[in-house]
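First comes the structure, then the notes that go with it.
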Amino acid sequence: MLDRVKPQTLQNAAFRDDVIEGLSRPQKTLPSRWLYDDIGSALFEDITQLAEYYPTRTETAILRRFAGDIAAFTGPNAVVIEYGAGAGVKTKLVLDALDSPAAYVPVDIAGDFLAMTVHRMNMTFPAMRTWPVVADFTTEFRLPSGLPAGRRMAFFPGSTLGNLDTTQAELFLRRMRHHVGLQGRAVIGIDLLKDVDTLRAAYDDAQGVTAAFNRNLLSRINRELEGDFRVEGFKHVARWNAAERAIEMHLVSLGACSVTVDGQRFRFAPGETIHTESSRKYDLAGIAALVEMAGWTLEHTWTDADAAFAVVGLGTVG
Ligand code: AVI
């Protein structure tokens, strides 16, 4: 019976299905969400500290500088819904600035991480109630009934919107719009278009942390799906796809090889790649058009002096 299957087993089955399906395509592909097991999440944390990876420090500086404006835009007694449990600096910056936030609703697939977030939030903001929601925020889910009545603000920092394709991004923004209801607001981090050299360096750093992050996906397949990837036989590359306005991570097979995953065999030609992530970069016109398709209006843009990154404030239409 489904309800007696452990979540871990369900997760494992979903991982297996995605890997088998993705490696069967003409352009082999693995969905980027599988990059984040415990090792991948720790490597991603390391990436955010790298000199070449500008998004995290730039967004944090924008939030710090404009926290008062974001608080004024959000209004008092807000219910803040964060997509991805942010126990970190960015969430605290915003909650600190808000006028008496009524509740904080972190949404994350990792229940144990959420439990830690709740504990930390209760210690830091004793007057604010935290209502955790265990869900994959890229799929449909419901918010708890009984949330306080204040205006809802959807908070989505980190430029993760760029990891979704246009259809997924529009669906996600519509879901967010539905969650906040009438008079709702959203505050979202967006990485902006810039010169390709800066982007390539950010996604292929000199120390090889991003390469380790990418290649860990193959090690994860070996660990969890009885795969036999020879991980050293694959090289990390970051490519700019001008048509998609996206920096793409790929793993390139250095020679001809065949790999077995869960009993199924996949062949690689020399130079053949697995596409593991796209990170789309926007300009403000593109963002305005995208959010409008999903029922939002772009009301504020807060950015850094170099216009490398933007935090946008969205209002609801009608
Ligand atoms: C999580 N996400 C916003 C990161 C990005 O910049 O697209 C993931 C990442 N991949 C490689 N470096 C960082």
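Within region 29-39, being touching a residue at least 12 places away in the same chain (Cβ under 8 Å), within 11 Å of the ligand (Cβ to nearest atom) and surrounded by 18 or more Cβ atoms within 10 Å (Cβ to Cβ) holds for Ser32, Leu35. Every condition in (1) more than 21 Å from Ala310 (Cβ to Cβ); (2) touching a residue at least 12 places away in the same chain (Cβ under 8 Å); (3) over 17 Å from the mean Cα position of the chain (by Cα) holds for Arg142 except the one numbered (2). Within region 276-308, if we keep just the residues that are under 16 Å from Ile70 (Cα atoms) and in contact (Cβ under 8 Å) with a residue 60 or more places away in the chain, the residue that is surrounded by the most Cβ atoms within 10 Å (Cβ to Cβ) turns out to be Trp302.
Taking region 145-168, which residues are surrounded by fewer than 19 Cβ atoms within 10 Å (Cβ to Cβ), under 16 Å from the mean Cα position of the chain (by Cα) and more than 16 Å from the ligand (Cβ to nearest atom)? Answer for region 145-168, where residues must be surrounded by fewer than 19 Cβ atoms within 10 Å (Cβ to Cβ), under 16 Å from the mean Cα position of the chain (by Cα) and more than 16 Å from the ligand (Cβ to nearest atom): just Thr167. Would a scan of region 216-224 turn up a residue that is within 10 Å of the ligand (Cβ to nearest atom) and in contact (Cβ under 8 Å) with a residue 60 or more places away in the chain? No, there is no match, as no residue in region 216-224 is within 10 Å of the ligand (Cβ to nearest atom) and in contact (Cβ under 8 Å) with a residue 60 or more places away in the chain.
Restricting region 169-178 to residues that are within 16 Å of the chain's Cα centre (by Cα) and closer than 21 Å to Ala78 by Cβ leaves a set whose member that is surrounded by the fewest Cβ atoms within 10 Å (Cβ to Cβ) is Arg175. Residues in region 45-56 that are surrounded by fewer than 17 Cβ atoms within 10 Å (Cβ to Cβ) and either part of a helix (DSSP H, G or I) or within 11 Å of the ligand (Cβ to nearest atom) (or both): Glu45, Asp46, Thr48. For Pro26, indicate whether it is part of a loop (DSSP other than H, G, I, E, B) and either surrounded by fewer than 17 Cβ atoms within 10 Å (Cβ to Cβ) or modelled with pLDDT of 95 or more (or both). Yes, satisfied. Pairing each residue of region 175-195 that is farther than 27 Å from Trp240 by Cα with any residue that is of a type in the set (S, T, N, Q) and assigned to a helix (DSSP H, G or I), provided the two are 6+ apart or on different chains, yields C-beta distances under 7 Å for Arg185/Thr74. Residues that are free of Cβ contacts under 8 Å to residues at least 24 places away in the same chain, more than 30 Å from Gly286 (Cβ to Cβ) and assigned to a helix (DSSP H, G or I) are absent from region 125-134 altogether. Note on region 186-215: among residues that are among the β-branched types (Val, Ile, Thr) and closer than 15 Å to Glu248 by Cβ, the one that is nearest to the ligand (Cβ to nearest atom) is Thr210. Scanning region 274-289 for residues that are within 16 Å of the ligand (Cβ to nearest atom), aliphatic (A, V, I, L, M) and outside any strand (DSSP E or B) turns up just one, Ile287.
In region 179-271, which strands (runs of 3 or more DSSP E) lie fully inside it and hold 2 or more residues that are surrounded by fewer than 16 Cβ atoms within 10 Å (Cβ to Cβ)? If you could, list the steps in order and put the result at the bottom.
Values: elements: 185-191, 234-241, 246-253, 257-261, 264-268.
Hits in region 179-271: 234-241, 257-261, 264-268.
Pro76 satisfies every condition listed in (1) more than 23 Å from Ala169 (Cα to Cα); (2) exposed (fewer than 14 other Cβ atoms within 10 Å of the Cβ); (3) without any contact (Cβ under 8 Å) to a residue 40 or more places away in the chain except (3).
The values are calculated or read from the model by the stated rules, or taken from the named source; none is laboratory data. As the structure is a prediction and not an experimental result, all values here were calculated from the model. Cβ sites come from the backbone with ideal geometry, for glycine too, and all protein chains shown count toward neighbours.
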